[in-house]
1. I'd like the distance separating the alpha-carbon centroids of segment 81-135 and segment 340-358, in whole Å.
2. Rounded to a whole number, what % of the accessible area of segment 23-138 do carbon and sulfur atoms account for, probe 1.4 Å?
3. Just to make sure I understand: if all protein chains stay in place, what is the order of Glu318, Glu299, Glu175, Glu156 by accessible area at 1.4 Å, largest first?
4. Once you compute Rg and the Kirkwood Rh from C-alpha atoms, what is the Rg to Rh ratio for segment 292-420?
5. Can you work out the accessible area per residue across segment 142-231, with the rest of the protein chains kept in place, probe 1.4 Å, in square angstrom?
6. Would you work out what percent of the accessible area of segment 292-420, with all protein chains in place, is carbon or sulfur (probe 1.4 Å)?
7. Hey, which of these cross-link pairs are over 32 Å Cα-Cα: Lys129/Lys350; Lys76/Lys280; Lys85/Lys280; Lys36/Lys195?
8. Taking a temperature of 25 °C and a viscosity of 0.890 mPa s, what whole-number D in µm²/s does Stokes-Einstein yield for segment 23-138 with Rh from Kirkwood over alpha carbon pairs?
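The values are calculated or read from the model by the stated rules, or taken from the named source; none is laboratory data. A quick note: this is a predicted structure, and the numbers were derived from the prediction, not measured. Note: accessible area is taken over every heavy atom of the protein model, side chains too, but ligands, DNA and RNA are not part of it. Shrake-Rupley method; radii C 1.70, N 1.55, O 1.52, S 1.80 Å.
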Amino acid sequence: MSFLFIFLLLVLVSWPFITAAETEQQKQQFAVESGKVLELDESNFDAAISNFDYILVDFYAPWCGHCKRLAPQLDKAASILADLKQPISIAKIDADKYKRVGSKYGIDGYPTLKIFMHGVPTEYYGPRKADLLVRFLKKFVAADVAILNSDSAISEFVEAAGTSFPIFIGFGLNESAISHFAVKYKKRAWFSVAKDFSDKTMEFYDFDKVPALVARHPNYDEQSIFYGPFEGLLPFGVAQWFGLGTFMLDVSSSKPLASESKGFAFWVELVAPGLPSAEKFVEDYIKQSLLPLTLPITEENLRLLKDDERKVILTILEDESDDRSKKLVKLLKAAASANHDFVFVFVGFKQWQGFAESFEVSKKTKLPKMVVWDGDEEYFSVVGSDSIEDEDQGSQITQFIQGYKDGNIIQKRISSGSFMGFINSMIGIGTVTIIVFVVAVVMIIQSLKEEPVTVGTRDEGDHPSSSTSQAEARQPLRSGEKQDKED
């Protein structure tokens with residue numbers, strides 16, 4: 001009995017040293033290949049994830065063409081990311097071979113990239129060219145709120161942030177005013193506060209008093225300004241309007257986006273009794289500024305839309321690259337600045353025919369056409385606003401929005417045949433066949449149970465989830481072989 005007690009005591013005493021030795025061995029094992037893409041398997045995957053604070057993992061398949069094109073970009077990025085002050089490692093695993101790992105992390109298409117931050121995975125939707133990938137990933141290891149103490153620090157911060165994310169700069173703000181939101185939305189935007197700056201900087205960012213929260217979309221040449229409130233409670237008001245911002249600007253020229261208007265204010269209507277907190281208005285402004293005024297349909301933007309609870313005003317154009325369409329997009333920006341309760345999106349029939357056909361659009365349809373989409377399987381046309389004529393398009397857009405708000409609508413469902421054609425064009429016939437087969441089996445099982453097949457919609461809450469149909473619609477590259485990321 002005493003021998004057993006002594007043995008157990010020795011095990012307990014030596015266990016921390018054994019564990020530490022194993023951890024050190026794992027570190028040395030991975031450190032040998034620092035700066036290179038690590039090849040993982042089922043035996044060392046968990047150890048790699050726990051060993052690195054930040055590690056980007058490429059879940060690939062050897063037969064996948066997109067995976068082969070991505071590999072050299074990851075090789076280039078790995079050596080740069082390893083030398084950062086807060087290094088980021090890159091690894092890859094054959095998820096087609098090691099299916100247990102792939103299944104654990106919900107891998108259903110190749111390549112899928114996930115960034116593990118202290119062991120917690122987040123899907124990576126950023127660019128995939130080496131230089132842009134490095135800039136994008138730096139965001140994940142940056143401070144939640146950058147403190148900027150000079151004009152040069154502001155310029156350096158904006159330049160380093162790049163164009164992949166919106167940028168928020170709180171001039172004259174204490175970091176505590178936005179730190180909560182900076183943590184909450186860190187994956188989607190850069191946050192900073194400027195403590196010291198010159199009149200020249202105020203002129204450049206076009207604000208005339210502090211505190212002010214500036215939101216910039218470098219990729220879309222857009223900027224808006226929010227003047228608060230940032231602290232305390234608003235005075236009680238019912239149906240009272242507050243002008244909480246200035247106008248949307250073309251950053252390249254510092255001119256209003258619509259010449260016929262002096263500016264666009266960020267308006268909030270108080271319609272509920274009580275004392276709304278300043279925090280709510282700050283978050284509303286941040287949430288609505290995460291997306292630019294108008295968005296073109298792309299694979300990446302479809303993913304961004306699924307995280308937004310607002311209805312989508314979708315304008316279908318003949319060709320989004322022609323001058324006629326560009327003129328209309330400017331008018332849509334003006335409408336978007338006055339209607340923050342919608343997301344304004346446009347798509348060219350020429351560029352995304354399969355997607356457009358889902359909304360009963362064909363080559364014979366008179367375009368441009370506007371619909372209101374719920375982001376899932378339903379959309380609404382407005383009575384009397386079937387298409388937009390060439391004359392006075394701004395008034396027609398206003399009439400369409402008002403018609404929707406007044407309830408003069410026809411509710412419709414996305415055309416399943418056309419939508420399947422869209423999916424087919426994006427992910428290949430093999431995957432579509434599998435999806436159709438799986439759906440058919442599910443429907444048969446449901447019918448045998450005598451239970452109605454339910455259609456998924458956005459869940460209520462901060463992070464709406466997608467139904468199967470929504471996932472197909474919005475993330476067409478998540479099944480089978482994925483297309484390369486547009487940069």
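1. That distance is 30 Å.
2. 50
3. Working: Glu318 90, Glu299 15, Glu175 65, Glu156 120 Å².
So the residues, ranked largest to smallest area, are Glu156, Glu318, Glu175, Glu299.
4. On the way: Rg = 13.3 Å, Rh = 14.6 Å.
Over the Cα atoms of segment 292-420, Rg/Rh equals 0.91.
5. On the way: 4020 Å² over 90 residues.
Value for segment 142-231: 45 Å² per residue.
6. On the way: 2530 of 5480 Å².
Looking at segment 292-420 in its full context, I get 46 percent from C and S.
7. Details: Lys129/Lys350 26 Å; Lys76/Lys280 43 Å; Lys85/Lys280 36 Å; Lys36/Lys195 39 Å.
From Lys129/Lys350; Lys76/Lys280; Lys85/Lys280; Lys36/Lys195, over 32 Å: Lys76/Lys280; Lys85/Lys280; Lys36/Lys195.
8. Values: Rh = 14.1 Å.
For the chosen part, D equals 174 µm²/s.
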